[in-house]
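See structure below.
The values are calculated or read from the model by the stated rules, or taken from the named source; none is laboratory data. This one's a predicted model, so the numbers in the text were calculated from it and none came from an experiment. Glycine also receives a Cβ, built like all others from the backbone with ideal geometry; neighbour counts cover every protein chain displayed.
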Amino acid sequence: MQWLRQFFKRDKPEIPAALWQECQGRLPFLAQLPARELLRLKTLCETFLDRKTFTGAADLELTDRIAVLIAAQACLPVLNLTLELYDDMAGIIVYPGSFIIAQSEMDEAGVVHEWREPVSGEAVHAGGAVVLSWEDIADIEAPGYNVVIHEFAHKIDMRDGSANGCPPFLADYHKEIRAGDWQREFSAAYQDFAARVDALDAQLPDNFDAEDATDAAMYDDLFAELPLDPYAARHPAEFFAVASEAFFVLPAPLAEEYPEIYRLLTLYYLQDPLSWQIAPCGKETGGKHL
Ligand SMILES: [Zn+2]
């Protein structure tokens, strides 16, 4: 991190106390962490900032504040694991707002559909970058969403190949996880969740328009009963990334409705966010994601 380095004239960046305080204030879920864990997170962030290259795109002026805010959220999932899970990553690219990417999907008839759509985050596979929208990182209104954790969960998932919802199990950290248990529980939960989303979708009127305020409010009311963002129903890899977001920023509904998923995530991340929640929970971070 060149600018932090220059400012402090040290080899390794050190996050100034005031900036770290500000970062904590922007991320209410960090308030649940015990002080010693917060200190470890800060140190891990400094290593992350030292190792990773941040680039501003489309004229975004990358500041220390932006980099530290991203680093804190990227490092939280690996606080009790290893930064090596992010070795296979070219860097972090930050756009001022959502950005357009090409999408493709094969339908049930085997026809590949291609389109372009705006997204707030993307984790590029095969050693690529994590690309993020600053506008969506800065949005703290939507409860349970966290685009940074979402995209870095994809990066963890991709560490052993393509994103499939089954991250690598590391010999030094994951002795208590049986791969068969993970696959069985995540597959069952994904199928259950996708069926719930389909049932709610069926209740939407035929002329539903997501851009219309009344229709959008109806959608929000209908889908509010779900413990996860309905985007989790799109693919098993999305289920893992969305469940990871919820695990760290709004864990209670996930733990209540999919207790085995919550339990497996505690064994994976070696953290138990519910046990941190001694203080009243504040607002959560927001952002849509890919
Ligand atoms: Zn995603």
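Taking the stretch 1-81 as the region of interest, the helices (runs of 4 or more DSSP H) fully inside it that hold 3 or more residues being farther than 28 Å from residue 265 by Cβ and modelled with pLDDT of 95 or more are 17-26.
Any residue in the stretch 176-203 that's surrounded by 13 or more Cβ atoms within 10 Å (Cβ to Cβ): show its pairings with residues that are of a type in the set (Val, Ile, Thr) at Cβ separation under 9 Å, as long as the two are six or more apart or on different chains. Close Cβ pairs (under 9 Å, with a partner that is of a type in the set (Val, Ile, Thr)) amount to 185/261; 186/261; 189/261. Residues that are more than 16 Å from the ligand (Cβ to nearest atom) and not basic (Lys, Arg) number at least 1 in the following helices (runs of 4 or more DSSP H) confined to the stretch 97-210: 134-138, 179-201. Just one of the numbered conditions (1) under 15 Å from the mean Cα position of the chain (by Cα); (2) farther than 22 Å from residue 121 by Cα is not true of residue 221: (1). Criterion applied to 91, 25, 56 was being surrounded by fewer than 18 Cβ atoms within 10 Å (Cβ to Cβ) and at positive phi, and the one residue passing it is 91.
Beta carbons closer than 7 Å, at least 6 apart along the sequence or on distinct chains, pair a first residue in the stretch 14-41 that is in contact (Cβ under 8 Å) with a residue 60 or more places away in the chain with a second that is aromatic (Phe, Trp, Tyr) and in a helix (DSSP H, G or I) for 29/248; 32/276; 33/276.
Could we say that residue 81 is away from the ligand (no atom under 16 Å from the Cβ) and surrounded by 13 or more Cβ atoms within 10 Å (Cβ to Cβ) here? Spelling it out, residue 81 is indeed away from the ligand (no atom under 16 Å from the Cβ) and surrounded by 13 or more Cβ atoms within 10 Å (Cβ to Cβ).
Here's a check for you: in the stretch 234-272, which residue that is within 15 Å of the ligand (Cβ to nearest atom) and small (Gly, Ala, Ser) is farthest from the chain's Cα centre (by Cα)? Restricting to residues being within 15 Å of the ligand (Cβ to nearest atom) and small (Gly, Ala, Ser), the top hit is 237.
Report, by residue number, each residue of the stretch 256-270 that is in a helix (DSSP H, G or I) and surrounded by 20 or more Cβ atoms within 10 Å (Cβ to Cβ).
Result: 261, 262, 264, 265, 268, 269.
Taking the listed residues 185, 256, 211, the one that is at pLDDT 95 or above, farther than 20 Å from residue 167 by Cα and of a type outside the set (A, V, I, L, M) is 256, with no other qualifying.
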